[in-house]
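Written out below as structure tokens is the structure these notes cover.
The values are calculated or read from the model by the stated rules, or taken from the named source; none is laboratory data. Since the structure is predicted, the reported quantities are computational estimates derived from the model, not experimental observations. So basically every Cβ, Gly included, is an ideal-geometry build from the backbone, and we count neighbours across all protein chains shown.
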Amino acid sequence: MNMKKTAGLLAFLLLLVGGRLAQAQDAKPAEHHTISQVLDHSVAGVEGEFVPAAEAMPEDKYSFAPTNGEFKGVRTFAQQVNHVATVNYMIGASILEEKPPVDLGDENGPASVKTKADSVKYLKDSFTYVHKAIATINENNLLTPIKSPFGNGITTRLGMATLIVGHCFDHYGQMVEYLRMNGIVPPASRH
């Protein structure tokens, strides 16, 4: 390589590196997030898929449960929604170390939740309560032992906060199947 080409290449590389350094200096520093913000972001993510799925099923299909194949005894669509809301309340109360603020009924929710509108409200209210609970989690209490809401001993706020997301997505997957069996494309799949 001749001297002019080498000098030109070196000048180009210096400009490129210099430009990148200038960009890096102008870039905002990475934003620091708290534990509760990170956990709340995860809960908001699942909420953003779960609630629209609950709203997508028509009222006359809320009692739908599959019957073909190995589906004997599975929850109806409404029971899926109400079950998730009930567990959300249980977990939120555990994190806050208080009694749930509403009647939970059994694992499929209270008997007073009868219509689609009741179920969707119960679900949305449960997420509001979960966000309230998540907001109290910090570096000091994240791993502090708390009583499990499921009667199986001791857990942590971190364990409960991550369980919310996993539990919701477990039932969300089932609800997606129910929606598709009824010819409804889940909102999260409508791109």
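For region 134-144, give me the residue count where each residue is assigned to a loop (DSSP other than H, G, I, E, B) and surrounded by 14 or more Cβ atoms within 10 Å (Cβ to Cβ).
Of the residues in region 134-144, 4 are assigned to a loop (DSSP other than H, G, I, E, B) and surrounded by 14 or more Cβ atoms within 10 Å (Cβ to Cβ).
Suppose we filter region 103-128 for residues that are among the acidic types (Asp, Glu) and assigned to a strand (DSSP E or B); how many remain?
Final tally of qualifying residues: 1.
Which residues, counting only those in region 63-104, are small (Gly, Ala, Ser) and in contact with a Ser or Thr (Cβ under 7 Å, 6 or more places away or on another chain)?
Ser63, Ala65, Ala78, Ala85, Ser94
If you go through region 107-118 one residue at a time, do you hit one that is hydroxyl-bearing (Ser, Thr, Tyr) and surrounded by 13 or more Cβ atoms within 10 Å (Cβ to Cβ)?
For region 107-118, residues hydroxyl-bearing (Ser, Thr, Tyr) and surrounded by 13 or more Cβ atoms within 10 Å (Cβ to Cβ): absent.
Are there any helices (runs of 4 or more DSSP H) wholly within region 1-96 with 2 or more residues that are at pLDDT 95 or above and surrounded by 12 or more Cβ atoms within 10 Å (Cβ to Cβ), and if so which?
35-56, 77-96
Which condition number does Phe127 fail, the rest of (1) at pLDDT below 95; (2) closer than 23 Å to Ser189 by Cβ being met?
If we test Phe127 against (1) at pLDDT below 95; (2) closer than 23 Å to Ser189 by Cβ, just (1) comes out false.
I'd like the residue in region 145-191 that is within 15 Å of the chain's Cα centre (by Cα) and exposed (fewer than 13 other Cβ atoms within 10 Å of the Cβ) and, out of all such residues, is farthest from Pro66 (Cα to Cα).
Gly166
Could you list, ordered by first residue, the pairs with Cβ atoms under 8 Å in which the first is in region 114-138 and over 18 Å from Cys168 (Cβ atoms) and the second is buried (at least 17 other Cβ atoms within 10 Å of the Cβ) and of a type in the set (Val, Ile, Thr), at least 6 apart or interchain?
Partner pairs satisfying both residue conditions: Thr136/Ile95; Asn138/Ile35.
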